Amino acid sequence: MPHRRDVLAAGLALPFAPLPGLAGDDAGAEPLIRAGGVVVAFRHALAPGTFDPPGFTIDDCRTQRNLDDEGRAQARRIGEWFQRRQLRPAAVRSSPWCRCVDTATLAFGHAEPWPALGSPRGSPEQTSTGHLQQLRTALQAAGTRAGRFEVWVTHMFVLSALVRQGTGSGEGLVLRAGPVGEVQVLARLAPA
């Protein structure tokens, strides 16, 4: 089992702030999340470097690129933002990579690993069509649940393939399925 000695360490309480996103963000992220029917999809918190080392394995965090101290503090701030507003996700899903599971666990206390949120492997770094379809289907299902929202923690490549926008470490996107299945970005959450 992966070693996660730092997962329960305490962190600083620094705010998150809604940032302008695409259309529909004028009122801010909180009311959109509270209304439900959305997914808040985060890129994992800060994990210095790029890509995983050759020969890494999913079941051994020591072989992967992981959160540093700043990344762990960033993940805690995500959770504190939600706690202060008493926003509790109906589900917290995560890529099986340790940096994503750790981000979700530090922020929300738990994570359900979901391979569809996993980082693409190989060259070119592309998210599989099958995984993207699973994410779109789950997003459509989440859209039918008024008053409930989900949190997903994933990777830059996955979010980029899903929404065609870049994200910073620890940044969240409030997502909803559009009327013809497209993914709409309603708001962005970024470290203040």
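The values are calculated or read from the model by the stated rules, or taken from the named source; none is laboratory data. Here the structure is a predicted model, which is why all the values come from computation and not from measurement. Every residue, glycine among them, receives a Cβ derived from its backbone with ideal geometry; neighbour counts consider all protein chains shown.
Structure summary
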| quantity | calculated |
| --- | --- |
| Selection count where residues are free of Cβ contacts under 8 Å to residues at least 40 places away in the same chain and more than 14 Å from the chain's Cα centre (by Cα), scope segment 70-83 | 2 |
| Residues (part of a helix (DSSP H, G or I) and farther than 15 Å from residue 151 by Cβ) located in segment 75-109 | 84, 98, 99 |
| Pair list, Cβ under 9 Å, 6 or more apart: segment 134-145 residue at negative phi, other residue among the acidic types (Asp, Glu) and surrounded by 14 or more Cβ atoms within 10 Å (Cβ to Cβ) | 138/150; 139/150; 142/150 |
| Residue 154 being β-branched (Val, Ile, Thr), over 24 Å from residue 177 (Cα atoms), surrounded by 18 or more Cβ atoms within 10 Å (Cβ to Cβ) and touching a helix residue (DSSP H, G or I) at 6+ places or on another chain (Cβ under 8 Å) | no |
| Residues being assigned to a loop (DSSP other than H, G, I, E, B), modelled with pLDDT of 85 or more and over 15 Å from the mean Cα position of the chain (by Cα) - total across segment 29-54 | 2 |
| Residue within segment 146-167 that is of a type in the set (Ser, Thr, Tyr), in contact with a strand residue (DSSP E or B) (Cβ under 8 Å, 6 or more places away or on another chain) and in a loop (DSSP other than H, G, I, E, B) present | yes |
| Candidate set from segment 134-151 (those that are more than 16 Å from the chain's Cα centre (by Cα) and over 18 Å from residue 179 (Cβ atoms)); member that is modelled with the highest pLDDT | 148 |
| Residue among 105, 57, 63 that alone is touching a strand residue (DSSP E or B) at 6+ places or on another chain (Cβ under 6 Å) and polar (S, T, N, Q) | 63 |
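To keep it simple, each residue is scored yes or no on (1) surrounded by fewer than 19 Cβ atoms within 10 Å (Cβ to Cβ); (2) in contact with a His (Cβ under 8 Å, 6 or more places away or on another chain).
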{"site": "52", "(1), (2)": "no, no"}
{"site": "67", "(1), (2)": "no, yes"}
{"site": "83", "(1), (2)": "yes, no"}
{"site": "94", "(1), (2)": "no, no"}
{"site": "100", "(1), (2)": "no, yes"}
{"site": "134", "(1), (2)": "yes, no"}
{"site": "139", "(1), (2)": "no, no"}
